[in-house]
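Below is one structure, written out as structure tokens; the observations come after it.
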Amino acid sequence: QVQLVESGGGLVQAGGSLRLSCAASGRTFSSYAVGWFRQAPGKEREFVATISYSGGLTYYADSVKGRFTIFRDNVKNTVYLQMNSLKPEDTAVYYCAAGQIEPYSGYDEDYSYWGQGTQVTVSS
């Protein structure tokens, strides 16, 4: 089992930045790929970014490419999502997920473990 806890969400003005954290406990986290997903009110959950177990490979949704950065610290069992140049359309609940995937995946069905989510609200 892997337990995931997200933090770092909040209210920010458009153009601002936030850093989300996904802290893991349980089994060997460093062997898991991690993805960030988000869900806005009335919309389907969508892929945001993913990182391989080693941290060497990353992949982003087109909507966040160049603005968001995913990285991990396997010593601290934590994955981060640095979000810059935030837009109102980035407003959503953000979830992290972990799975034994090689090297990573943008599909939520590939992930076995999910956090409870953290709210990000970007005001215009």
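Between ALA14, ALA49, ALA24, the Gaussian network model of the chain with springs among Cα atoms under 10 angstrom shows the greatest mean-square fluctuation at ALA14. Select from VAL75, TYR111, SER54 the residue farthest towards the positive end of the dipole of the chain; place +1 on Cβ of Lys and Arg, -1 on Cβ of Asp and Glu, and compute about the Cα centre. Farthest along the dipole direction, towards plus: VAL75. A full extension of the chain between ASN84 and SER112 corresponds to an added length of 7.3 nm, given 0.36 nm per residue minus the alpha carbon distance. Counting Cα-Cα pairs of the chain in 10 Å increments starting at 0 gives whole-percent bin shares of 15, 51, 29, 5, 0.
Each residue of region 84-93 was assigned a 3J(HN,Hα) from its phi angle through the Karplus curve 6.51 cos²θ - 1.76 cosθ + 1.60 (θ = phi - 60°); the sequence is 10, 6, 5, 10, x, 6, 7, 4, 4, 8 Hz, with glycine and proline shown as x. Taking a straight Cα-Cα cut-off under 20 Å and skipping sequence neighbours fewer than 8 places away in the same chain, the lysines within cross-link reach of LYS87 are LYS43, LYS65. Here r is the Cβ-Cβ distance between THR28 and VAL5 and R0 is 25 Å; the resulting FRET efficiency, rounded to 0.05, is 0.90.
Overall, the chain carries a charge dipole of about 340 debye about its Cα centre when +1 sits on the Cβ of Lys and Arg and -1 on the Cβ of Asp and Glu, all other atoms neutral.
Computing FRET efficiency as 1/(1 + (r/R0)^6) for SER123 and THR58, where r is the C-beta to C-beta distance and R0 is 30 Å, gives about 0.60. Modelled this way, with points 7 Å down the Cα-to-C-beta line, the labels at GLN39 and LYS76 are 2.8 nm from one another.
Bear in mind that the values in this text are calculations on the coordinates, not laboratory data. Fair warning: this is a prediction, and the values are worked out from it, not measured in the lab. No Cβ is skipped: glycine too gets one built from the backbone with ideal geometry, and neighbour counts run over all protein chains shown.
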